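Here the structure is laid out as structure tokens; the discussion comes afterwards.
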Amino acid sequence: MVGVTGTKGKSTTVELMGAIFEAAGEKTAVLSSITRKIGSKREKNMTGNTMPGRFAIQKFLHDAVRAGCTYAFIEVTSQGVLQHRHEFIDWNAAVFLNLAPEHIESHGSFEAYRAAKVSFFEYVARSPKKERLFLVNEADASAKYFEDSVRHNYGNAIIRFSGEEFLRKELAARYDLRSEKVRAELGEWLLAEFNLENAAAAASLATARKVHWEAIEKALVGFEGVSGRLEVVQRKPFTVVVDYAHTPDSLRKVYTTLRRDFLVHPHEGSLIAVLGSAGGGRDKWKRPEMGRVAGEICSSIVLTNEDPYDESPREIMKEIKNGILSTSFSPANLFEIVDRKEAIIKAIMLAEKGDVVVMTGKGSESWIHGARGEKIPWNEREMAEAALREMKNKE
């Protein structure tokens, strides 16, 4: 039983862990915001919650045991912890990836948000399982809070990792990363900064469980990423990418990666962003911050609707716009289109050969959440593909 917590990267990490242990001959189960996977059976997580309720998790574990799974990897969220969804489970390991401001309104403060995640480590420390492991990303500023929560009794069970160390000690030591052929074999997703962190966590757990590097390598090379996470829809004549980034930090990392690794001519090509922000009274602080990040890095920005809930989409867009205009970004390259489908079409129509169009915020989510509980069916990738077809039909 392995629980993975952190602000971002949880879905990718649990999927990668599942892939590594399957490559090592184990049968695995994975429960994330995206999927409910038991052995070879995979279905979309339609609960609407990254971490479903206790009964849903127990049913998942019951089914996994009956299917003969030996490992279960589960995303653990701060709100799930506050609602006791992690309880009545005998955990073997807790993994901390990173911490960035998120859900501040619902938790009351960043410190309370951090405390909720730390309490998961404390709960795992009380597990009746004989072996307990605590994996901590030592590169994160909050690492010490997680280590300190279990250091007294389980200091020897703390395993530290980081994306930089994984790149230097594992990948660079084994492969010639200057070779374009080698980089292509390893895959673009792995060498992206934020995915290195996820891979480091998964590989560290596998190493602790005596999995040989051959199995880890097989999973790393064969892993194609997670739906809605740096998902490439089209490569030529310009690149189209769907990503779930929904915090200023994750947005900056995605934009930076795309500009550095995906633009054909990084200093000449355009990075075109479709950008929105969740509403409903949640994390209002991040709206101008996300706008500021986009304004600093992107060439063109199409502001649009995302998940307004009971707020006005235009008011949300206005707050993001304020952040964009606080930078040196040219207002002539800023477009405001409430209809997200039309916004995607506009972004794609702006693109030229060698450019990158990136749509963030929705990822693989199935709905746009509107006022009074309205749920509009949505598939970001399909919308992008439809826009590309429409553009070709007009040519």
Along the stretch 258-263, what does the Karplus equation 6.51 cos²θ - 1.76 cosθ + 1.60 (θ = phi - 60°) give for ³J(HN,Hα), rounded to whole Hz, x for Gly and Pro?
5, 5, 7, 10, 10, 5
Need the list of aspartates and glutamates near Lys27 for cross-linking: C-alpha distance under 16 angstrom, and skip anything on the same chain fewer than eight residues off.
Glu15, Asp63
Tell me, which longest segment in the chain has none of the trypsin sites (Lys or Arg not before Pro) that fall in DSSP loops with at most 15 further Cβ atoms within 10 Å?
1-125
Using the alpha carbons of the chain, what is the convex hull volume per residue in cubic angstrom, as a whole number?
142 Å³
Convex hull over the Cα atoms of the stretch 2-222, averaged projected area in nm²?
12.0 nm²
Over all directions, the average projected area of the alpha-carbon convex hull for the stretch 177-334 comes to how many nm²?
11.3 nm²
Using a Cα-Cα cut-off of under 27 Å, which lysines could be cross-linked to Lys181, ignoring same-chain neighbours fewer than 8 residues away?
Lys169, Lys218, Lys236, Lys253, Lys353
Filter on Lys10/Lys321; Lys37/Lys362; Lys318/Lys346 - keep pairs with C-alpha separation over 27 Å:
Lys10/Lys321
Against the longest principal axis of the chain, how steep is helix 380-394, in degrees 0 to 90 to the nearest 10, with axes from Cα atoms?
30 degrees
As I understand it, the value is the acute angle between the Cα axis of helix 143-154 and the longest principal axis of the Cα atoms of the chain; what does it come to in degrees, rounded to 10?
10 degrees
Specify the residue with the greatest mean-square fluctuation among Gly228, Gly361, Gly68, computed from a Gaussian network of the chain linking alpha-carbon atoms under 10 Å apart.
Gly68
Of the beta bridges DSSP finds with both residues in the chain, what % are antiparallel, to the nearest 5?
25 percent
Proxy exposure order for Cys69, Cys298 (fewest C-beta within 10 Å first) is Cys69, Cys298
Which loop GluC sites (Glu not before Pro) in the stretch 203-233, with loop taken from DSSP, have no more than 15 other Cβ atoms within 10 angstrom of their Cβ?
Glu224
Given the -39500 (n - 2.57) contribution per DSSP H run of 4+ residues, what per-residue ellipticity at 222 nm results for the chain, rounded to the nearest 500 deg cm²/dmol?
-12000 deg cm²/dmol
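Read the figures in this text as sums done on the coordinates, not as results from a lab. Treat the numbers as computed from the prediction; the structure is a model and nothing was measured. Because the Cβ atoms are built from the backbone with ideal geometry, glycine has one as well, and the counts that use them run over all protein chains shown.
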